[in-house]
Amino acid sequence: MCTFGGQHFPGPLLGQGQGHDIAEEKRRRFLSNLSGGEQQRVAIARALSTGARLLLADEPTGNLDTANGNRVMDILRHLAHAENYCVVVVTHDLAIADAADQVYRMTDGILTARSA
């Protein structure tokens, strides 16, 4: 866990343990001056700051390159498995769906479940 402004965030969200610490300069940037991956991580941090244990992620990797998409999914996976969050991801990416614990598919307005 790491603390910023009284809020506690899991280390992987902030890049700890991966040779990355958030530089002071980056902490002071406006959101529009961050990369897509950094913006996604900020969005996750903002969601965590509410204290809710449910995260709803609508296409969280849609506008990201593969490396940043994988990093965001690693964060969400860590939150679900290690931090006991309920993480719901909506995606059209079959690789992301295949990595989920539970998959629901909607076709023509009909929701069906299958185990991942």
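The values are calculated or read from the model by the stated rules, or taken from the named source; none is laboratory data. Small disclaimer: the values here were computed from a predicted structure and weren't measured. Methodologically, a virtual Cβ is constructed for each residue, glycine included, from the backbone with ideal geometry; neighbour enumeration extends over all protein chains shown.
For the range 63-72, which positions are aliphatic (A, V, I, L, M) and either assigned to a loop (DSSP other than H, G, I, E, B) or under 16 Å from A45 (Cβ atoms) (or both)?
Those that are aliphatic (A, V, I, L, M) and either assigned to a loop (DSSP other than H, G, I, E, B) or under 16 Å from A45 (Cβ atoms) (or both): L64, V72.
Of the residues D65, D74, D101, D93, which is touching a residue at least 60 places away in the same chain (Cβ under 8 Å) and charged (D, E, K, R)?
Unique residue meeting the criteria: D74.
With the condition being within 18 Å of R53 (Cα to Cα), I'd like the strands (runs of 3 or more DSSP E) fully within the range 74-116 carrying at least 2 qualifying residues.
86-90
Would you pick out the residues in the range 33-60 that are in contact (Cβ under 8 Å) with a residue 40 or more places away in the chain and among the hydroxyl-bearing types (S, T, Y)?
S49 - this is the single residue of the range 33-60 that is in contact (Cβ under 8 Å) with a residue 40 or more places away in the chain and among the hydroxyl-bearing types (S, T, Y).
So, of the residues in the range 28-62 that are among the basic types (K, R) and modelled with pLDDT under 85, which turns out to be surrounded by the most Cβ atoms within 10 Å (Cβ to Cβ)?
Across the range 28-62, the extreme among qualifying residues is R41.
Since A82 meets every condition but one in (1) closer than 15 Å to A43 by Cβ; (2) modelled with pLDDT of 90 or more; (3) surrounded by fewer than 17 Cβ atoms within 10 Å (Cβ to Cβ), which condition does it not meet?
(1)
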